[in-house]
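Presented below is the structure to which this report refers.
The values are calculated or read from the model by the stated rules, or taken from the named source; none is laboratory data. Here the structure is a predicted model, which means the values were calculated and not measured. All Cβ positions, even for glycine, are placed from backbone atoms using ideal geometry, and neighbour counts span all protein chains on display. The protein model used for the area step is the full one, side chains on, heavy atoms only, and it has no ligands, DNA or RNA in it. Shrake-Rupley method; radii C 1.70, N 1.55, O 1.52, S 1.80 Å.
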Amino acid sequence: MKKGKCHLVGAGPGDPALITLRGRDVLAKAETVVYDNLANAELLALAPEEAELIYAGKEPGDHAMSQEEINRLLVEKTAAGRVVVRLKGGDPFVFGRGGEEAEALRAAGIAY
């Protein structure tokens, strides 16, 4: 059985040219991309055409998924052996909920 891994990737300040090289590289290998509305949509083109794209954005009063649902989704997809990229605007650990997502992955024994 293939072993999955989840990458928590910051999309940077908005300009697609400013994503890190590592972020670009893991997007190119992604099987599932879970993205939010702060990540520039142009970055999704870096993922393989066959990659599963899942919108998990949150806007005031309108959440596509709760944080708990996002955490469960990351665990589920990665545990199934997929290469998962959680693409978040900016730095996922400064203003995002990357710490909570990392804790959920760690609690499930999943590499991230």
query = Among the numbered criteria (1) of a type in the set (A, V, I, L, M); (2) in a helix (DSSP H, G or I); (3) open to solvent by less than 70 Å² (accessible area, probe 1.4 Å), which single criterion is violated by Ala45?
reply = (3)
request  = Residues being at pLDDT 95 or above, farther than 15 Å from Asp36 by Cα and over 12 Å from the mean Cα position of the chain (by Cα): count how many of those fall in the range 69-102.
outcome  = 6
message = Residue pairs, Cβ under 9 Å, 6 or more apart or interchain, first in the range 84-111 and at positive phi, second open to solvent by less than 50 Å² (accessible area, probe 1.4 Å) and not in a helix (DSSP H, G or I). List them.
response = Gly90/Gly10; Gly90/Ala11; Gly90/Gly12; Gly90/Gly14; Gly90/Ala39; Gly90/Gly96
request  = For the range 61-110, name all the residues that are open to solvent by 30 Å² or more (accessible area, probe 1.4 Å), in a helix (DSSP H, G or I) and under 19 Å from Leu27 (Cβ atoms).
outcome  = Lys77
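This table checks each residue for (1) out of contact with any Ser or Thr (no Cβ under 9 Å at 6 or more places or on another chain); (2) open to solvent by 30 Å² or more (accessible area, probe 1.4 Å); (3) in a loop (DSSP other than H, G, I, E, B); (4) within 23 Å of Gly81 (Cα to Cα).
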site: Lys2; (1), (2), (3), (4): yes, yes, yes, yes
site: Leu8; (1), (2), (3), (4): yes, yes, no, yes
site: Ala17; (1), (2), (3), (4): yes, yes, no, no
site: Arg24; (1), (2), (3), (4): yes, yes, no, yes
site: Ala28; (1), (2), (3), (4): yes, yes, no, yes
site: Val33; (1), (2), (3), (4): yes, no, no, yes
site: Leu38; (1), (2), (3), (4): yes, yes, yes, no
site: Glu50; (1), (2), (3), (4): yes, yes, yes, yes
site: Leu53; (1), (2), (3), (4): no, yes, no, yes
